[in-house]
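Before any comments, here is the structure.
The values are calculated or read from the model by the stated rules, or taken from the named source; none is laboratory data. Computed from a predicted model, the values in this text were never measured in an experiment. Every residue, glycine among them, receives a Cβ derived from its backbone with ideal geometry; neighbour counts consider all protein chains shown. Surface accessibility is based on the protein's heavy atoms, side chains included, excluding ligands, DNA and RNA. Shrake-Rupley method; radii C 1.70, N 1.55, O 1.52, S 1.80 Å.
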Amino acid sequence: MPTVLTHSSAETEDLGERLGRLAAPGEIYGLSGDLGAGKTAFVRGFVRGVGSPRRVHSPTFALLHEYPGGRCTVHHLDLYRLAGPEEIRGAGLDEYLLAPEGVTLAEWIERWTAAASDPRPIRRIQFRSVDEHRREITHDDPLP
Ligand SMILES: Nc1ncnc2c1ncn2[C@@H]1O[C@H](COP(=O)(O)OP(=O)(O)O)[C@@H](O)[C@H]1O
Ligand SMILES: [Mg+2]
């Protein structure tokens with residue numbers, strides 16, 4: 001489980017940007033961690049790495065934002081307000097977690113209980129606040 005420690009929002013964005021440069025269509029990233037742990041900061045960098053000129057907003061009230069214009073479209077979900085898989089399906093968001101056309105980044109992925117039969121694996125990234133400026137970020141795969 002590779003772990004990195006970032007010391008600022010900019011460092012977390014840089015990490016997201018490095019991963020975004022390597023992203024390929026069909027990939028799903030599941031982000032977890034408390035409010036303020038840096039998930040949206042990571043997405044901001046990731047979208048830059050994919051090459052979209054769009055500015056990332058916190059989707060807590062919107063459920064879904066789309067960022068076109070890069071190598072592939074980034075679908076940014078925030079599942080915080082949804083109780084579980086039923087509500088995620090009800091909101092029509094399950095397609096982004098099962099068969100995305102572009103890349104999906106989902107905050108609060110723990111709301112979605114992936115089934116073994118799901119067609120695509122979810123790359124999980126965990127964010128933890130160590131103190132005011134430090135965030136510990138853990139990824140299943142090696143971090144670039
Ligand atoms: N190392 C860091 N990485 C990311 N954010 C940080 C870091 N240090 C401080 N922050 C601050 O923490 C907050 C993270 O917010 P955000 O990315 O929206 O979190 P989340 O989406 O997980 O709720 C921002 O206010 C940011 O400035
Ligand atoms: Mg967020």
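What does the extension gain come out to for Ser8 and Arg81, with contour length at 0.36 nm per residue minus their alpha carbon separation? Could you put the intermediate results ahead of the total?
On the way: separation 73, 0.36 × 73 = 26.28 nm, distance 2.68 nm.
Additional length available on full extension: 23.6 nm.
For a quick size check, give me the Cα extents of region 2-130 along its three principal axes, largest first, whole Å.
Principal axes ranked by extent give 37, 33, 29 Å for the Cα atoms.
Would you work out what percent of the accessible area of the chain, with all protein chains in place, is carbon or sulfur (probe 1.4 Å)?
50
Roughly how many Å² is the accessible area per residue of region 15-112, as a whole number, for a 1.4 Å probe? Numbers along the way, then the final one.
On the way: 4120 Å² over 98 residues.
Counting only protein heavy atoms, the per-residue value for region 15-112 is 42 Å².
Give the ranking of Thr113, Thr104 by solvent-accessible surface, highest area first, calculated with a 1.4 Å probe. List each step's numbers first, then the result.
Numbers: Thr113 100, Thr104 0 Å².
Result of the area sort, largest leading: Thr113, Thr104.
Ordering Arg135, Arg55, Arg111 from largest to smallest accessible area (1.4 angstrom probe), what's the sequence?
Values: Arg135 40, Arg55 155, Arg111 60 Å².
Greatest to least solvent exposure: Arg55, Arg111, Arg135.
Express as a percent, rounded to the nearest 5, the fraction of DSSP beta bridges in the chain (both residues included) that run antiparallel. The partial results should precede the final answer.
Details: 13 of 26 bridges.
Close to 50 percent.
Would you rank Glu136, Glu27, Glu87 by solvent-accessible area, highest first, keeping every protein chain in place and using a 1.4 Å probe? Intermediate values should be presented prior to the final figure.
Details: Glu136 60, Glu27 30, Glu87 85 Å².
Highest to lowest solvent-accessible surface, that is Glu87, Glu136, Glu27.
Quick one: how many Å² of Ser8 are accessible to a 1.4 Å probe, rounded to 10?
40
Where nothing but the Cβ of Lys and Arg (+1) and of Asp and Glu (-1) is charged, how large is the charge dipole of region 15-112 around its Cα centre, in debye to the nearest 20? Please report the intermediate quantities before stating the final value.
Details: 11 positive and 12 negative charges, 107 e Å.
That gives region 15-112 a dipole magnitude of about 520 debye.
For the pair Thr113 and Phe61, what calculated FRET efficiency results from E = 1/(1 + (r/R0)^6), where r is the Cβ-Cβ distance and R0 = 25 Å, to the nearest 0.05? Don't jump to the answer; show the numbers that get you there.
Details: r = 24 Å, r/R0 = 0.95.
For R0 = 25 Å, the calculated efficiency reads 0.55.
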